[in-house]
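All remarks here apply to the structure that follows.
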Amino acid sequence: MIQQRRIIAIALVMLSLFVIALGRRAWADEDVVLTEDLVVSLALENNPQIGIAEKRVEQAKARIRAASSAKAPTISASALYQETYREPQYPLVTNDPLLQGYALAGFRETWRTALSLSWLVFSSGAVENNIRATQLAADAARAESERTLQAVSHAARSAFYGLQRTRARAAVAEEALSLVQEHRKQVEALYRNGIVAKNELLRAEVAVSNAELDLIKATSGTEVAFSALERAIGTSVRGRYSLPGPESEPREMDIPADPVTKAIANRPEFRALAFSERSARSLAAAAMGEKGPSVYLQGDAYSVGQTFYPDAMDDWKISIVAEWKLYDAGKAKARRDEALAVAEELIQRMEEMKRQVDLEVSVASLDLRSAQQRLEVARSQVALAEEDFRMAVARYSAQVGTNIDVLDARTALSASRTQLVDAVYDAMQAYEDMKFAIGEKTIHTPGDDR
């Protein structure tokens, strides 16, 4: 009985230590601030799009190895058992009339083992161009993977801005509720003293209810933004990190002088299309190379007999085979024409992408310029609205102003603060869209040093 109690006591102590350790780890995690760069790092580690892009690059590398194997010799081993109705034989054909009859051409029961070698020595450029095509396709896959990294980073930052925007809006809604509750207390005091009518108290109650509904909507929007952020990152972050306060001013923004030219030079999609176009032309050259002559080196070492393991006859042979397809019903030409058409299509897609990039950069530039202009107006509007609200409250306290004036001023103040929040995060989002349109890297990744 005493031993059981000791075991239970030890188990309880270990359980307590384990719970304390978990608590300390949770507290440590909560002390970590979820910054923009941390959000992007988590997205690059956990977003499934990154893994998909990496697998596409691995597929392209595997196709290079498969194409390169055509230049290496192939060695194969074979075993054969064969049984015929009669012993294989062929008639003797000689000028000697005494030599007549049949000669044996093998065995009725035959066992054969062989080791064979085949090596393509010359292919008229078909193999070499096919290898080059796969290498260029792999370069295109790497460029597309780089754009995927940029897209994931951009989505993570945008989701983070969305979360911070909703949190700032919720803070505005919470402050608006606090202001209208203070005003309600003032109206209640005046009503109890018989200074104001009951309709003013009812109107203040309605204003409080509306502010509570706005706060509920803002809080719900924050939860939705949290889910969107976790979706962009690819893992859960709620409760694991602490969040920084919302931004009151946008970051410093360095806008390039000629963003369209920079975008055309930086965007990985242009490199991907260029590599794909060159790959298609290499495939066209490979298709025409298949019509040219090919030279093979072939060798066989074999053993034949009537029993296993065969040992009645051992032999080997080496052959050099030249092959030239004189007619293939237009198959090679059709494949070449298809590859060249793909190359021309890719050139047209590059021209179309230039126009698309021009549009994306122009939209981002206009959005950024508009947000910066609205920032100045919003700051001035907030200052005026704060002064107007202060004066309305003071005038109402002195009973030279109306309840409606206070409520309207409070509504205008909340709207101006919300517009300032939107202007700040619109500017930050527009600048992020500008960097994404240009193709700039938003975070340093380990692969950049290679």
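The values are calculated or read from the model by the stated rules, or taken from the named source; none is laboratory data. Just so it is clear, the structure is predicted and the values come from calculations on it, not from any experiment. Positions of Cβ are generated from backbone atoms using ideal geometry, with glycine treated the same way; all protein chains shown enter the neighbour counts.
Structural remarks
- Flag if T110 is assigned to a strand (DSSP E or B), surrounded by 14 or more Cβ atoms within 10 Å (Cβ to Cβ), touching a residue at least 24 places away in the same chain (Cβ under 8 Å) and β-branched (V, I, T): yes
- Residue check, L80 within 30 Å of A339 (Cα to Cα) and in a strand (DSSP E or B): no
- Hey, A263 more than 27 Å from I50 (Cα to Cα) and touching a residue at least 60 places away in the same chain (Cβ under 8 Å) or not: no
- In segment 434-442 there is no residue that is of a type in the set (S, T, Y) and modelled with pLDDT of 90 or more.
Rundown of residues vs (1) over 23 Å from E230 (Cβ atoms); (2) touching a Lys or Arg at 6+ places or on another chain (Cβ under 9 Å); (3) modelled with pLDDT of 90 or more; (4) surrounded by 10 or more Cβ atoms within 10 Å (Cβ to Cβ), yes/no style:
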{"position": "V19", "(1), (2), (3), (4)": "yes, no, no, yes"}
{"position": "R25", "(1), (2), (3), (4)": "no, no, no, yes"}
{"position": "D31", "(1), (2), (3), (4)": "no, no, no, no"}
{"position": "L42", "(1), (2), (3), (4)": "no, no, yes, yes"}
{"position": "N46", "(1), (2), (3), (4)": "no, no, yes, yes"}
{"position": "Q49", "(1), (2), (3), (4)": "no, no, yes, yes"}
{"position": "I52", "(1), (2), (3), (4)": "no, no, yes, yes"}
{"position": "A66", "(1), (2), (3), (4)": "yes, no, yes, yes"}
{"position": "A70", "(1), (2), (3), (4)": "yes, no, yes, yes"}
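- Of the residues making up segment 415-433, just one is more than 30 Å from S153 (Cα to Cα) and surrounded by fewer than 22 Cβ atoms within 10 Å (Cβ to Cβ), namely A415.
- Among the residues of segment 161-202, those identified as crowded, with 18+ Cβ neighbours inside 10 Å and of a type in the set (V, I, T) are T166, V172, V180, V187, V196.
- Residues being in contact with a Pro (Cβ under 9 Å, 6 or more places away or on another chain) and closer than 19 Å to A285 by Cα - total across segment 124-161: 1
- Residue in segment 223-243 that is part of a helix (DSSP H, G or I), farther than 30 Å from S41 by Cα and either outside the structural domain of A364 (by TED's automatic domain parsing) or of a type in the set (S, T, Y) (or both) present: no
- When I264, I195 are checked against the criterion of being under 30 Å from A409 (Cβ atoms), β-branched (V, I, T) and out of contact with any Leu (no Cβ under 9 Å at 6 or more places or on another chain), I195 stands alone in meeting it.
- Close pairs (6 angstrom Cβ cut-off, 6 or more residues apart or separate chains): farther than 15 Å from E432 by Cβ in segment 354-372, in a helix (DSSP H, G or I) and modelled with pLDDT of 85 or more anywhere: V357/A263; D358/V260
- Of all residues in segment 300-323, none satisfies being touching a residue at least 60 places away in the same chain (Cβ under 8 Å), part of a helix (DSSP H, G or I) and of a type in the set (A, V, I, L, M, F, W, C).
- Scanning segment 144-160 for residues that are over 12 Å from the mean Cα position of the chain (by Cα) and either over 30 Å from E249 (Cβ atoms) or surrounded by fewer than 23 Cβ atoms within 10 Å (Cβ to Cβ) (or both) yields S158, A159.
- Segment 45-74: number of residues that are touching a Gly at 6+ places or on another chain (Cβ under 9 Å), β-branched (V, I, T) and not in a helix (DSSP H, G or I): 0
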